Amino acid sequence: MVGMIILVILPIHCFCDSIYAWIFVCFYLFSVYSIWIISDSKINPFILFFLTFGLFIGGRFFGKVLGYNAQIFELDFFITYTASPARKIELMILVIGFIWASVVGYICSCLYKPKKVLDFPTTITTNAAIANIVDKSFYFLAIVVVYSCLKNLSKVLSEGYVALYLKEQTEAYSGGNGMWGVLMLIFFGLAYGYGTRGIQKKYLLLYVIQSIFSIIMGQRGGFGTTLLILLWIYSFKHEISLKKMMICCVVGVLLILFAFSFSIRAAAQLGNDSLSDWEMLLSFISGQGITLMIFDASRLIEEYPILPYFNSLIPGVSSIYATLTGETLHSYDVTFPAYMGYCFNTSLFYKGFGLGWSVLSDIYLYANRYSLIFIFLSFVFGFIFSRIELYAISSRFYKSLLFTLAFPLMMLPRSGLNTFCTLLVYFFVVVLGLIFFIQLFKRGKAIN
């Protein structure tokens, strides 16, 4: 009801930025509290998603409320752009509409719990076989992941942070990038769905090591999501109140800022020594909130290529298209964020820079830019993810899926559906493939 009232009031008048900031912060906190209550006062991936949403989409609003003097509706990287009063109203309607609709969808799913789980039942021996495969694969994956981290670290030290993205943006699109990272996420999920505590601890340790490498290189997202995953796992055995969770989030932001100050990118990002510690914290929070205007900027481009609409949902579509047509594709041909960056500032794009993206932009484009369809798809988003959480209570398969998707879910406010959906498809392929070959092996042994 509160969300509907706000959605009715917003189009009536263009308020000042401070009023918009207070509207967002109050409604956001009310929404987080609603998720907390309907979740029986427990931490879950959906509430973790909303915590990162508050930082990436709401960072500038929180900064304004806490006294940081910065423009909320302004973008000064790649393009210089300030939202008009009319666009401010549209943007606020979309952001508040997403929060309201996704939370309502989540609550509706929780209130009408499924009577039957759409599961992939497996026997005890099959579960044990999956756990054994995950365990045996750990050391191989650990070597590959650590090697990849060292290779990237070496590249950043010698060529700078943007070197991580330069090749991807300047050369022909090849596809298949990050396959080992995808497998790592899937096997991490399988460890928590089918593995023993010992297996789970090993994969969790590997993720912590990977996140330390990422923060050294200047990638804050991986380090932050790992902290949230650790908080979630800790809550399995320990009771954490809403107040404690919020305190942990503030401590987490401080820890990210502290760790980032020792990173390779720190000099460029935190170069203003005249700021006090409090001002630096507010500057960091407000800076992360740039995604709000990236979402709005994504709406400035009137038409995107057709291929990203398919490539974001189905992995491999662009590679198949390139094979069939013989065309040479580039990243801006197959992904929304690359195309936006290419259109706004080709020079910076070819130097390896980018603006990033947001799941809000994806939903907006798939809604064909209609606000009502956008709100409906937001409702579906919250409803489906609640279903996965409910299924995970009694199903090893969905528990594995939930842990696999937890990392990309928390980054969705700052990234797109392409990573999320790719991981979802590969998860089904890998797990169903494992079950099929385990059953085939068992039948072969029975015949012999």
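Data table
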quantity: Net charge over other residues, Cβ less than 15 angstrom from the Cβ of P11 (K, R count +1; D, E count -1); calculated: +1
quantity: Estimated dipole of segment 13-87 in Debye, rounded to 20 [Cβ of Lys and Arg +1, of Asp and Glu -1, Cα centre]; calculated: 80
quantity: Distance between modelled label sites at L111 and I37, nm, 7 Å Cα→Cβ extension; calculated: 1.2
quantity: GNM top mover of P11, P308, P408 - the chain, alpha-carbon springs below 10 Å; calculated: P11
quantity: Accessible area (Å², 1.4 Å probe, nearest 10) - K202; calculated: 50
quantity: Dimensionless Rg ratio for the chain, taking C-alpha atoms and the 2.2 N^0.38 Å reference; calculated: 0.99
quantity: Segment D17-K201, extension gain: residue separation times 0.36 nm, minus the distance between their alpha carbons; calculated: 61.6 nm
quantity: Largest-first principal axis extents of the Cα set of segment 292-448 (Å); calculated: 64, 40, 26
quantity: Candidates L348, L185, L417: whichever shows maximal mean-square fluctuation once the chain is modelled as a Gaussian network with Cα springs under 10 Å; calculated: L348
quantity: Between segment 345-423 and segment 13-59, the alpha-carbon center distance in angstrom; calculated: 17
quantity: For segment 385-448, alpha-carbon Rg relative to the globular expectation (2.2 N^0.38 Å, N residues); calculated: 1.43
quantity: Rough spin-label spacing in nm, given labels placed 7 Å along Cα→Cβ, for E74 and L255; calculated: 3.4
quantity: Cross-link pairs beyond the 24 Å C-alpha cut-off, checked among K155/K202; K42/K399; K155/K201; K151/K202; K42/K88; calculated: K155/K202; K155/K201; K42/K88
quantity: Computed Kirkwood radius, in angstrom, where 1/r is averaged over Cα pairs of segment 1-134; calculated: 17.6
quantity: Contact order normalised by residue count of segment 281-440, Cα under 8 Å, 6+ apart, percent; calculated: 26
quantity: Rounded percent of accessible protein surface that carbon and sulfur make up, the chain, 1.4 Å probe; calculated: 65
quantity: The chain, relative contact order in percent, only Cα pairs under 8 angstrom and at least six apart counted; calculated: 29
quantity: Most mobile of G316, G67, G54 in a GNM of the chain (Cα contacts under 10 Å); calculated: G67
quantity: 10 Å-binned pair-distance histogram of segment 221-375 (Cα, whole percent); calculated: 9, 26, 28, 26, 10, 1
quantity: Distant alpha-carbon pairs in segment 180-270 (separation over 16 angstrom), percent; calculated: 60
quantity: Potential lengthening between I133 and T325 on full extension [0.36 nm per residue; Cα-Cα distance subtracted]; calculated: 65.2 nm
quantity: Residue-normalised accessible area of the chain, given per residue in Å² at a 1.4 Å probe; calculated: 48
quantity: For the chain, calculated [θ]222 nm from helices alone, where every DSSP H run of n ≥ 4 adds -39500 (n - 2.57); calculated: -23500 deg cm²/dmol
quantity: C26 versus Y147: modelled label distance in nm, points set 7 Å from Cα along the beta carbon direction; calculated: 5.7
quantity: Cα shape, segment 92-154, gyration tensor, a/c 1.5 rule; calculated: oblate
quantity: Dimensions in Å of segment 38-83 - Rg and Dmax from alpha carbons; calculated: 14.8, 45
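The values are calculated or read from the model by the stated rules, or taken from the named source; none is laboratory data. None of the values given here were measured: they were computed from a predicted structure. Methodologically, a virtual Cβ is constructed for each residue, glycine included, from the backbone with ideal geometry; neighbour enumeration extends over all protein chains shown. Note: areas computed on protein heavy atoms with side chains; ligands, DNA, RNA excluded. Shrake-Rupley method; radii C 1.70, N 1.55, O 1.52, S 1.80 Å.
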